[in-house]
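Heads up, the thing below is written out as structure tokens.
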Amino acid sequence: MKEQGAILIPSEPGVDWQKASSFPAQELLRSFRQLQQRVLHVELENLELRRRNFGAQLSAAEFTRVYDSVTIAYLETNEATIIHHINKPAAELLGKPAQELVGRRLADFLTGRDAEHFRQHLLHCGAGKETDFSSDFELHPVDRPPIRVEVVCLPRNEQQQTYRVALAEVTRTAEMEEKILRLASFPTCNPNPVLEFAADGTLIWFNDAALDLTKYLGLGSPLQIAPAHAGDIAKECLKARENRIREETVIGDRHVYWSFFPVVASNVVHCYGTDLTERLEFESQMEHARKLESVGQLASNVAHDFNNVLGIIQGYTCLLLAQSALPPETSEALRQISTAAERATFLTRQLMTFSRKQAFQPKPFDVNDLLNRIGTTMRGLLGQNIQQELKLASNLPPLLGDATMIEQVVMNMAMNARDAMPRGGKFAVSTSLNEITAHQPGRRNPDALPGKYLCITISDTGQGMDRDTASKIFEPFFTTKENGLGLGLSSAYGIIRQHHGWVEVESTVGIGSTFKIFLPVSLNPDGSGKRQLATAPKPAAGAETILVVEDEPALRELVTRQLRRQGYQIIQANSGKDALGLWAQHGQDVALLFTDMVMPDGMTGSELAETLQAQKPELKVVYTSGYSQEVLQQDFALRGEVHFLQKPYHQDALIKTIRAALDAKAPVKD
């Protein structure tokens, strides 16, 4: 056993485990360069041997032919780098005929720094400080782009006082070396574990990520993070020349998928691991969240219908209790019924809260800490081809809210950003503190009340949206995805509204989208987190005509009786279409529309109000529904200040809301 850091790794023949995680590419390239230099040395020495053996027997012309016949570029120069003799391959390398190059300085074809470096080596050779030298220089041929050359120089010829120099172009070799090093960096710098197996199944190399995972799991060898019998799998892959994909290993709390790829030319097998632990955990959480969304939708529908029933019970109980001279036992029985109805109302409100997945539990928390904590999870969710950036402002005040809900909002938007960037991109999250004043020109949202707001800005460089799509993204069940449910952003919108905040969207097709979430730092000066409710006016009678639109017959009749007792004139309709018919006859007399939001004939309460107000702009409207106002502001066109009664409602609340709506000033039209 050999120890590497805190890890004991089994010894194997031919494997230096101390260097196993260092990729050998640089060593291979160094060996290749040394071999290339050695070839030049041998060629140069061979040429020198031929000179000594046959030089006296050859004429000058024959001597030149011998030098021109060799494959290497050869020349002779003095200490001043003046060329005394040059063969044809060397002349072609410099870009001039040989006769024009004799007498010129070789240093003129080198850059200033390389020329000085070359002269220094010549002087050292002449002084006996170097027997020979070889180096890599940039050569500037005549009328050609610069090239890289390997230069080898032998000591001075004492008879002719010249140095023998051999040159070889290595431009393409340098490019290949750069490419090899660049490719070698992929497995070396890969954040996921990478292993390499020899043909006999021996593990011969692993990267730092594999070593780190081994240490994290407290194991003794990188072999232990690989699939069982990984060596046998590698041998089978190489023999069959086939890949093996998604071999799973579960070690402790980590889930790693391995893929084996045989490299036949090198007779090795590369094994790539992907740690999917965080992704699998998040997918499981999201699947659970989707199930809760379905249950929540069912709970919301049940609560809506049940609220109609409770409204009838409470309403008629109030009517009976208002009668005088009731026997005491009857009054007590009615009060018990009313109390039970109130308790049932509380239960339906809980169902409505559950339809937003969880109860709202506001507590002070640091938004920056939350974003830093979920940053790793977001990176795993986004994938390696999407760059994540966090820019968090310092010294932000705490936010009074539900941290789990805000986390859900950010993760939902991260998922949408990932789906909008299938080819990669940038996902950025930033925080800032904003103050909105009463007369601020930039107040574009009616919910932007004066005060300090913490802004979470979430942006992506994805596909973007057109204006029509951007206007619908918070609607439940609206989705641009093939298999999407359309509940993620609508849930996020509801959570933001529950925090008394709002969201602004900017998007451009082909550029990306930006979501700005504004959340109040403190909802009132005492920091209690509760809005101060304005004192509602006391119940008051009236004589105006009201159009009541309600599809539940018993509830419609109850509301009619309650309002007529206050002196109002009532016109009843059981649907939006029925209301349009009655409007044609009595529209000039109607001062207020009291309408349910969800009706069976396809026309919603907001659509009915929009149609009638187009004909009579001064018409006042009060909406009612078993759903909460926050949900309806996602589902329907309820924006700005509206008068709303959530079912079931008390008789006093009905009368107060109707009177307040009638007394309110008409909205100013643009």
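FYI, it's all coordinate maths here, none of it is from the lab. In this text the structure is predicted, and so the values were computed from the model without any measurement. Every residue, glycine as well, gets a Cβ built from its backbone with ideal geometry; the counts of neighbours run over all protein chains shown.
Things worth noting here:
- Extending 7 Å from Cα along the Cβ direction at residue 104 and again at residue 200 yields two label points whose distance is 5.7 nm.
- Centre-to-centre, using Cα atoms only, segment 373-430 and segment 314-330 are separated by 56 Å.
- Packing-based order for 385-393, 186-194, 588-596, using average beta carbon neighbours within 10 Å, highest first: 588-596, 186-194, 385-393
- Segment residue 564-residue 437, extension gain: residue separation times 0.36 nm, minus the distance between their alpha carbons: 41.3 nm
- Taking 31 Å as the limit for the C-alpha separation, the pairs 239/426; 577/647; 215/363; 363/391 exceed it in the case of 239/426; 215/363.
- Per-residue packing, averaged as other Cβ atoms within 10 Å, sorts the ranges 549-555, 217-223, 325-331 into the order 549-555, 217-223, 325-331, beginning with the highest.
- Between the amide H of residue 644 and those of 623, distances stay under 5 Å, these residues lying 5 or more places away or on another chain, with hydrogens modeled in the peptide plane.
- Compared with the alpha-carbon gap, the fully stretched path from residue 254 to residue 598 is longer by 119.0 nm at 0.36 nm per residue.
- Residue ranges 195-206, 313-324 sort as 195-206, 313-324 when ordered by packing (mean number of other C-beta atoms within 10 Å per residue, highest first).
- Length released on extending from residue 660 to residue 589, taking residue separation times 0.36 nm less the Cα-Cα span: 23.7 nm
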